[in-house]
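The values are calculated or read from the model by the stated rules, or taken from the named source; none is laboratory data. Everything numeric here is computed off the predicted structure, so don't read it as measured data. Quick reminder, even Gly has a Cβ in these numbers, built from the backbone with ideal geometry, and neighbours come from all protein chains shown.
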Amino acid sequence: MRTRVPKYLLGAAFGAVATTLLIGTTAMAEELDPVAKLGEQTSLLWIVLGAALVIFMQAGFALVETGFTQKKNAAEVMSTNFAIFGLGFVGFLFVGFPLAFGGFGTVPGQFGLTPMNGTGLPAVGGEFTGIFYWGYTHLGDAATPALLGFFLYMVAFMDTVATIPTGSMAERWKWKSFVWWGLFCGALYYPLFAAWTWGGGWLAKSWETLHLGAGYVDFAGSGVVHAVGGAAALAGAIVLGPRIGKFGPDGKARAIPGHNIPMAMLGCLILLFGWFGFNAASTFSSTDVQFATVAANTAIAGALGTVVAMYYITWKTGKPDPGMMVNGMLAGLVAITAPCAFVSPWAAAVIGAVAAVLAIEAVFFIERRKIDDPVGAIAVHGVCGTFGVLAVGIFANGKYGAGWNGSTTTGVAGIIKGEWGQLGAQGLGVLVIWTVIFGIAFGFFKIQNKFTKGGIRSTEEDELAGLDLPEMGVLAYND
């Protein structure tokens with residue numbers, strides 16, 4: 001039967017291949033090289049576009065956090081979101097990326113990417129106990145476009161981790177102390193868990209060492225990005241303490257309204273847009289059509305999160321709180337990020353709905369613990385990111401992910417398919433996040449607070465007046 005060739009294959013560069021397909025004859029391997037090359041090129045374009053979308057999410061975070069906080073702190077909150085990109089980038093460029101991915105490329109062989117140091121072995125730990133990796137190929141003349149595209153995508157994910165605590169610690173965090181967090185997150189905090197998972201480290205290899213499913217699986221970062229960022233957000237909020245006036249003499253939480261709810265809602269819509277780069281581009285290949293499933297599942301979870309949050313908060317308070325609708329959408333998006341490639345659409349709907357309820361209840365629970373989080377970052381990213389990690393072990397349908405992490409599995413499958421090992425791997429990852437990773441973040445903020453003159457928190461006078469002038473030297477609004 002004669003094969004129909006799309007018009008874009010009929011150019012001069014692919015004329016020979018198109019002719020071969022049309023006449024139905026067998027093609028030699030070298031005649032297929034142009035098609036393979038095109039696949040590499042479009043995949044690399046896919047990664048760069050995905051990275052651009054994820055980086056654009058920084059605008060969304062900035063608008064959400066600034067809108068949810070007070071007018072007197074708007075310049076400072078916006079500036080933390082602006083500066084964190086550069087700070088984290090510097091730390092990741094010179095230290096973090098070599099440590100996280102210097103030994104293993106997370107997808108060796110994809111669009112020409114090979115292990116950076118040429119050995120495929122970690123610098124610290126054995127093949128199945130990798131702790132840190134090492135390699136600086138990305139800074140030298142030997143850096144390939146594929147490697148640099150991969151670096152750009154990974155730095156965008158790091159930036160999300162770094163910016164999450166800027167929400168939970170907003171309105172009482174000294175600028176100079178914030179700067180050190182940005183560098184630390186890019187250089188060490190994010191790269192550690194990334195090395196253990198996406199970098200081919202010991203959690204990724206738990207399928208072999210502990211016989212747990214396909215090892216730790218996190219398609220686009222519910223755990224590696226969001227829960228890790230949420231753990232830091234919780235640690236920082238605890239060390240800083242609540243804002244002045246947040247809790248009354250009776251211990252009950254008081255509302256400190258944000259100054260621009262439309263700004264926050266616009267920021268959420270920007271995040272929704274960028275999330276398609278976050279999740280869909282994580283196929284790392286434009287020829288892996290699973291990206292369509294990923295994108296659809298992402299939208300489904302975000303939509304269900306929005307609607308369920310709207311009705312649930314109305315049931316609890318009598319009003320469809322716009323802030324809770326925002327956090328409901330973000331909760332659904334965070335939770336679907338890990339399982340988006342491995343679940344059916346019905347499961348994506350369930351995940352989004354459950355995440356919305358979890359986020360709302362977590363906000364109230366955290367406040368009852370006297371922890372002040374102005375934007376709900378701990379609930380959305382920490383709690384719902386954790387749920388997303390576990391959702392892989394519950395809802396994965398086994399239709400995608402063959403050979404994940406180098407395992408022998410024919411597809412990532414959860415307990416709905418009778419496979420309990422994957423839930424064990426996911427649970428192990430969650431345990432590490434909320435013990436080791438949380439402990440590192442808490443230790444960082446605690447040590448920084450002890451050795452910083454006056455601590456990492458703004459003075460009472462500055463906090464009451466607003467941080468814009470004392471910290472930034474300008475007012476966001478001159479009126």
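Return yes when L423 is free of Cβ contacts under 8 Å to residues at least 24 places away in the same chain and more than 30 Å from G323 (Cβ to Cβ) and no when it is not. Considered against the rule, which asks whether it is free of Cβ contacts under 8 Å to residues at least 24 places away in the same chain and more than 30 Å from G323 (Cβ to Cβ), L423 comes out as no. Examine the stretch 250-260 for a residue that is crowded, with 20+ Cβ neighbours inside 10 Å, touching a residue at least 12 places away in the same chain (Cβ under 8 Å) and part of a helix (DSSP H, G or I), and state whether such a residue exists. Checking the stretch 250-260: not a single residue is crowded, with 20+ Cβ neighbours inside 10 Å, touching a residue at least 12 places away in the same chain (Cβ under 8 Å) and part of a helix (DSSP H, G or I). Regarding the stretch 405-423, can at least one residue be identified that is within 20 Å of the chain's Cα centre (by Cα) and crowded, with 18+ Cβ neighbours inside 10 Å? Yes, the stretch 405-423 contains a residue that is within 20 Å of the chain's Cα centre (by Cα) and crowded, with 18+ Cβ neighbours inside 10 Å.
Cβ-Cβ contacts under 6 Å between residues 6 or more apart (or on different chains), taken from a first residue in the stretch 228-241 that is in contact (Cβ under 8 Å) with a residue 40 or more places away in the chain to a second residue that is in a helix (DSSP H, G or I) and basic (K, R), are listed as V239/K446. A search for C-beta distances below 6 Å between a residue of the stretch 178-206 that is on the phi > 0 side of the Ramachandran plot and any residue that is surrounded by 24 or more Cβ atoms within 10 Å (Cβ to Cβ) and at pLDDT below 95, counting only pairs 6+ apart in sequence or on different chains, returns G200/F104.
For the stretch 187-240, the set of residues classified as of a type in the set (S, T, Y), crowded, with 24+ Cβ neighbours inside 10 Å and in a helix (DSSP H, G or I) consists of Y189, Y190, S206, S222, listed by residue number. Filtered by the rule that a residue be buried (at least 19 other Cβ atoms within 10 Å of the Cβ) and either in a loop (DSSP other than H, G, I, E, B) or among the polar types (S, T, N, Q) (or both), the stretch 372-399 gives D372, D373, P374, V375, G376, T386, A396. G323: over 15 Å from the mean Cα position of the chain (by Cα), farther than 20 Å from A396 by Cβ, at pLDDT 95 or above and buried (at least 24 other Cβ atoms within 10 Å of the Cβ), yes or no? Answer is no for this residue. Put simply, of A359, A355, A335, A349 the only residue that is of a type in the set (A, V, I, L, M, F, W, C), in a helix (DSSP H, G or I), in contact (Cβ under 8 Å) with a residue 40 or more places away in the chain and in contact with a His (Cβ under 9 Å, 6 or more places away or on another chain) is A335. Beta carbons closer than 7 Å, at least 6 apart along the sequence or on distinct chains, never pair a first residue in the stretch 299-327 that is among the charged types (D, E, K, R) with a second that is modelled with pLDDT under 95 and in a helix (DSSP H, G or I).
Per-residue answers, yes or no, for (1) touching a Leu at 6+ places or on another chain (Cβ under 7 Å); (2) under 23 Å from V225 (Cα atoms); (3) at pLDDT below 95:
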{"site": "A391", "(1), (2), (3)": "no, yes, no"}
{"site": "N405", "(1), (2), (3)": "no, yes, yes"}
{"site": "A413", "(1), (2), (3)": "no, yes, no"}
{"site": "I416", "(1), (2), (3)": "no, no, no"}
{"site": "V436", "(1), (2), (3)": "no, yes, no"}
{"site": "G439", "(1), (2), (3)": "no, yes, no"}
{"site": "F445", "(1), (2), (3)": "no, yes, no"}
{"site": "L464", "(1), (2), (3)": "no, no, no"}
{"site": "N478", "(1), (2), (3)": "no, no, yes"}
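Of the residues examined, K417 is not one that is closer than 20 Å to A162 by Cα and in contact (Cβ under 8 Å) with a residue 12 or more places away in the chain. Only one of the listed residues (A162, A143) is modelled with pLDDT under 95 and either crowded, with 24+ Cβ neighbours inside 10 Å or part of a loop (DSSP other than H, G, I, E, B) (or both). That residue is A143. In the set (1) within 21 Å of E65 (Cα to Cα); (2) crowded, with 24+ Cβ neighbours inside 10 Å; (3) out of contact with any Pro (no Cβ under 8 Å at 6 or more places or on another chain); (4) aromatic (F, W, Y), the condition left unmet by W181 is number (3).
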